[in-house]
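Structure record follows, encoded as structure tokens.
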């Protein structure tokens, strides 16, 4: 009998515990409308609402463009010295590449000339 009472008490507590954790939503404050000067009881024409929305969109777009430009300028100023250094090293590498190409061209021209000269000498000697 005692076991049944204890079991029922435990089961009842298990049912009541989740209810004790339930929370009620906080009520919305009506003071928010006074911050913006909007009276909620009045009706506003659609044209005024549309004008306000367009003005807000224009301000948002201007703020985004300004922030983008500022970020772009900051990045440009941050990486400008590195970019200048890379351009200098690029020019140096281009000059080295052109010098190597000239050396390579001279090598192949001399190799080709010596091959033709060797073939000619072999032809003359074996004749």
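Each row is one residue, and each column tells you yes or no for (1) more than 50 Å from the chain's Cα centre (by Cα); (2) at pLDDT 70 or above.
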site: 12; (1), (2): yes, yes
site: 18; (1), (2): no, no
site: 23; (1), (2): no, no
site: 37; (1), (2): no, no
site: 43; (1), (2): no, no
site: 51; (1), (2): no, yes
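Looking at 105, 73 in this structure, which one is surrounded by 10 or more Cβ atoms within 10 Å (Cβ to Cβ), modelled with pLDDT of 80 or more and over 41 Å from the mean Cα position of the chain (by Cα)?
Being surrounded by 10 or more Cβ atoms within 10 Å (Cβ to Cβ), modelled with pLDDT of 80 or more and over 41 Å from the mean Cα position of the chain (by Cα) holds for just one of 105, 73, which is 105.
Within region 84-98, can one find any residue that is assigned to a helix (DSSP H, G or I), without any contact (Cβ under 8 Å) to a residue 60 or more places away in the chain and in contact with a helix residue (DSSP H, G or I) (Cβ under 9 Å, 6 or more places away or on another chain)?
Looking through region 84-98, none of the residues is assigned to a helix (DSSP H, G or I), without any contact (Cβ under 8 Å) to a residue 60 or more places away in the chain and in contact with a helix residue (DSSP H, G or I) (Cβ under 9 Å, 6 or more places away or on another chain).
The values are calculated or read from the model by the stated rules, or taken from the named source; none is laboratory data. Everything numeric in this text was worked out from a predicted model, so none of it was measured. Methodologically, a virtual Cβ is constructed for each residue, glycine included, from the backbone with ideal geometry; neighbour enumeration extends over all protein chains shown.
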